[in-house]
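Read through the structure below, which is laid out as structure tokens, and then see the notes.
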Amino acid sequence: MDTPKDAPAGPVRLRDPEPGELGWIVQRHGALYAAEYGWNAEFEGLVARIVADFAEDHDPYLERVWIAELDGRPVGSVMCVREDGAPRTARLRLLLVDPEGRGHGIGTLLVDAVVAFARSVGYRELVLWTNDVLTSARSLYLRAGFTLVAERPHRSYGVALTGQDWRLPLQEHSPR
């Protein structure tokens, strides 16, 4: 039986990825960013490398991927990984909320899951890199307490962008 489109959605569930869902993360990023921002396959390649690196070599105690599920389907994802060359620093990566999952607070749930996890395993700081055109994500980062620390124009994914570095201290004496 089909559920009417205006019927209330079930609860959102955050969980580990199931087989095939790391590929879903790559596919959805490629398709959505092409449709919504005009980004080319260079971006999908970057996402594929990030996901492949995680799949090949991650520490399950210090790094995680979450899938947001709504009505039994994946509608969002995010990663928390160690920052290369920066001990006790984690990086929030690949935040995505599919259009069918928007408006349910999924972005906030995913960002909050990364922050809570990073704190719980003893990271001192959480960092992320994004682009200024991703306004919805940036508002989530601000609400979570991240601070914009640097901006640089660049040309990537077939378009002109402004890259942004954000930081969130996780412990009382962490540097800003």
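The values are calculated or read from the model by the stated rules, or taken from the named source; none is laboratory data. If you're wondering where the values come from, they're calculated on a predicted model, not measured in any experiment. Please note: Cβ atoms are built from the backbone with ideal geometry, for glycine as well, and neighbour counts cover all protein chains shown. Only protein heavy atoms, including side chains, enter the accessible area calculation; ligands, DNA and RNA are left aside. Shrake-Rupley method; radii C 1.70, N 1.55, O 1.52, S 1.80 Å.
Hey, quick one: spin label on Arg73, modelled 7 Å out along Cα-Cβ, who in segment 99-114 has an amide N within reach, i.e. under 15 Å? Residues 99-104 fall inside that zone. A Cβ-based charge dipole, computed about the Cα centre of the chain with Lys and Arg at +1 and Asp and Glu at -1, lands at about 560 debye. Taking every Cα-Cα distance in segment 58-131 and sorting them into 10 Å bins starting at zero, the pair-distance distribution P(r) comes out as 20, 49, 25, 5 percent. The GNM of the chain, with springs linking C-alpha atoms under 10 angstrom apart, assigns the highest mean-square fluctuation among Leu92, Leu109, Leu134 to Leu134.
You can think of it this way: the chain between Arg49 and Glu151 has 34.4 nm of extra reach, that is 0.36 nm per residue less the Cα-Cα gap. For segment 7-124, with all protein chains present and a 1.4 Å probe, just round the carbon and sulfur fraction of the accessible area to a whole percent. Exposed carbon and sulfur together represent 52 percent of the surface.
Here the extension length gained between Ala41 and Thr108 equals 21.4 nm, from 0.36 nm per residue of separation less the Cα-Cα distance. Computed from the C-alpha gyration tensor, the three semi-axes of the ellipsoid equivalent to segment 116-176 are 25, 11, 10 Å, from longest to shortest.
In the context of the full set of protein chains, the chain has a per residue accessible area of 54 Å² (1.4 Å probe).
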